[in-house]
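Report on the following structure.
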Amino acid sequence: MRLEVVDGAGERRSIPSPVPGVAWISTSLDGRALVTTLDGRAYVSGPLDDDADPAWRRTAPGPDRRTLAGPLTFGTLSPDGSRAAFLAADYDSGGPFDVVILPVPPSTARPLVTRVDLGAEGAPPSWLDGRIVVLARTSGDAVQAFLIDPAAPGRVARIERASGDPPAPIAGLSIAADGRTVAVGSRDGRVVVGPTQRWVTDAATDPPSATPAPVGLEPGLDGSRSFAWLALAPDGERVGMVRTDADGASVGLTIHDRADRWRQGRSIPLAAGADRAVVAWLP
């Protein structure tokens, strides 16, 4: 995997990677990045500015990996960059998985592990006001969102949503760093953006302005409207989506702005030869 920063004009800048086998990347509001490797290691960078070396440092190893349900995956930084949430899972088994929260240097807080007695969905966790939102498989292979509070170890609360609001079954979600906006995608390729509080509580008394809005997905060259990952900007005003073709290969990135009613705007192709991508926003 190659790491790149793409600016507003579409200019690309390569970033030295700590190791070749990067599988996932996330960022924090202080401009740092966390990468998770294929074998479950994690490295955090210094601020990704134009002139400085990223200065990658490996995060603390955390709990004994032999006690976890699988290697660490999908490392996601908290907005302030002090902690990272991971999923430890055997995705093929359909068995229970662990949500692991590790301190990020210079923090020295103790690691926390919460067991979820459901099958893991291959999607990253999201931070919401110090809590963690994860996707898990329930009966009938349905996908449901659950809320985990590190201050209440072992407690896993199901997020009850009104049918189709946002669309179900869920295929992916992203919560903005400020916690106010959530983007949710469904398996049939629909994506909506709306207030996080409405999504968590299904508040029927919200004004019409709080109704989730659809995101426009223009078809690719092969007619596909599919996506692999989505990521909201820190302020919730834009969403970036890794688009895929009918065969599931990543082909590019599209940007959608609230100011343009979430219509598809800029399209950024992948580098030559690439068929997989993930996306995270820098402040």
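Residues of the stretch 42-69 that are surrounded by fewer than 19 Cβ atoms within 10 Å (Cβ to Cβ), closer than 22 Å to L112 by Cα and not polar (S, T, N, Q): R57, R58, A60, P61, P63, D64, R65, R66.
For the stretch 102-112, filtering for residues that are in contact with a Ser or Thr (Cβ under 8 Å, 6 or more places away or on another chain) and not small (G, A, S) leaves 4.
Scanning the stretch 242-261 for residues that are acidic (D, E), in contact (Cβ under 8 Å) with a residue 12 or more places away in the chain and more than 14 Å from S226 (Cα to Cα) returns a single hit, D257. All conditions in (1) open to solvent by 20 Å² or more (accessible area, probe 1.4 Å); (2) aromatic (F, W, Y); (3) modelled with pLDDT of 95 or more hold for F86, with the sole exception of (1).
Hey, could you check the stretch 147-157 for residues that are assigned to a strand (DSSP E or B) and not β-branched (V, I, T) and say which is farthest from the chain's Cα centre (by Cα)? Here the residue is A157. For the stretch 181-196, a tally of residues being open to solvent by 10 Å² or more (accessible area, probe 1.4 Å), farther than 20 Å from D260 by Cβ and modelled with pLDDT of 85 or more returns 0. Against the criterion of being surrounded by fewer than 14 Cβ atoms within 10 Å (Cβ to Cβ), at pLDDT 90 or above and assigned to a loop (DSSP other than H, G, I, E, B), E160 does not qualify. Residue selection: G94 satisfies the criterion of being part of a loop (DSSP other than H, G, I, E, B) and open to solvent by 10 Å² or more (accessible area, probe 1.4 Å).
The values are calculated or read from the model by the stated rules, or taken from the named source; none is laboratory data. If you're wondering where the values come from, they're calculated on a predicted model, not measured in any experiment. FYI the Cβ positions are ideal-geometry reconstructions off the backbone, even for glycines, and counts take in every protein chain you see. All accessible areas refer to the heavy atoms of the entire protein, side chains included, with ligands and DNA or RNA removed. Shrake-Rupley method; radii C 1.70, N 1.55, O 1.52, S 1.80 Å.
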